[in-house]
Amino acid sequence: MDPDGFSASMFKWGSLTPPPPPPRELGGLEELFQAYGIRYFTAAKIAELGFTVNTLLDMRDEELDDMMNSLCQIFRWDLLVGERYGIRAAVRAERRRHLLSADASHVLDALSQEGRKIMCGFGWGVGLSEEKEAAGSGVWEMVVAKQRRRSRMASMDEDDADETGDDGGNERQREHPFIVTEPGEVARGKKNGLDYLFHLYEQCRDFLIQVQNIAKDGGEKCPTKVTNQVFRYAKKAGANYINKPKMRHYVHCYALHCLDEETSNALRRAFKERGENVGAWRQACYKPLVAVAARQGWDIDAIFNAHPRLSIWYVPTKLRQLCHAERSSAAASSSITAAGVDHLPF
């Protein structure tokens, strides 16, 4: 046996490196730090200190700094600057992902019924598992966005309700309801009469003139009718009691007051004597206006535009429809009558 060869072979055997130890379970830290440039051995050292993903997520930024300082002191580990920032960024990103997943689960629970109905409308299945599978699709994102818009609108309504409370000097107050009153009569109690209602339309006309003057001074286009711009200006001027829904709601009543004040006053007296409410009086104002339009060729738009106080208001759609229906009915009845006269026996 050659001793030299035996010693050489023994030297070769001794130079073999032992196999690496089996990898330690990092408790999800490798997935947490994978996209942020954190070395595997850095994550292993953090796991050896006893930290888990849930522990890191519940720690404050100061506690994360203490953890990294302990890592450097206990293990004499050279922690790179990028790793320090990467650990913080990974923890923040995981927190955001947990929050988004929690919000999505809450929305999914809240939309379990509504989302099922909406998907049925599109012809899809209604199972909850199918809804979860469709969570990544564009349509389910549309459903979630719709629900979020509704929640934002609900919060805005709550804020508006808080702003319109009774406390505070600049907050909008609830206006007293209208009642049917005779001409010149002042409403009693917490009520408003019809003379006050018609006065609001005169105020709108004044606000329109002010808006027109401002537009002329600024070289802008002047509105010729009471638009949203006028209502916004009135609100800024402190006239919160003037709003678009109310003024459009009673504009035909004001039109009857302007075109035929005598008929309007008689209608007010009759409804006041019978104790009718303002809603019934409002509906009754249509018929005399249709009669006025019949006497002037059914052109209700021309009637409004020809009057100086009505030309700034849009003709109500219902009034235009009633005039058109009555005109068609009158034309049909006249044609039938004419046909009957032609065939009368002599």
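The values are calculated or read from the model by the stated rules, or taken from the named source; none is laboratory data. What you see is a predicted model; the values in this text were computed from it and never measured. Every residue, glycine as well, gets a Cβ built from its backbone with ideal geometry; the counts of neighbours run over all protein chains shown. With ligands, DNA and RNA removed, areas are computed over all heavy atoms of the protein, side chains included. Shrake-Rupley method; radii C 1.70, N 1.55, O 1.52, S 1.80 Å.
Close amide H contacts of Asn192 (hydrogens built in the peptide plane, cut-off under 5 Å, sequence separation of 5 or more or a different chain): Phe178, Ile179. Residues in the stretch 36-47 carry Karplus couplings, in order, of 10, x, 7, 5, 4, 5, 5, 4, 5, 5, 5, 5 Hz; the curve used is 6.51 cos²θ - 1.76 cosθ + 1.60 with θ = phi - 60°, and Gly or Pro positions show x.
Rounded, prolate or oblate, given the Cα gyration tensor of the stretch 203-307, with a/c below 1.5 counting as rounded?
oblate
Extension gain, Asp61-Glu185: 0.36 nm per intervening residue step, less the Cα-Cα distance, totals 37.5 nm.
Based on the Cβ-Cβ distance of Ser334 and Gln212, what FRET efficiency does E = 1/(1 + (r/R0)^6) give at R0 = 30 Å, to the nearest 0.05? The partial results should precede the final answer.
On the way: r = 44 Å, r/R0 = 1.46.
FRET efficiency, Ser334 to Gln212: 0.10.
Phi angles of the stretch 90-99 translate, via the Karplus equation with coefficients 6.51, -1.76, 1.60 and θ = phi - 60°, into HN-Hα couplings of 5, 5, 5, 5, 5, 4, 4, 5, 5, 5 Hz per residue; Gly and Pro are given as x. Between Leu49 and Ala294, full extension at 0.36 nm per residue minus the direct alpha carbon distance yields a gain of 78.9 nm.
Counting only protein heavy atoms and a 1.4 Å probe, tell me what percentage of the stretch 190-346's accessible area is made up of carbon and sulfur.
Working: 4760 of 8940 Å².
That fraction is 53 percent.
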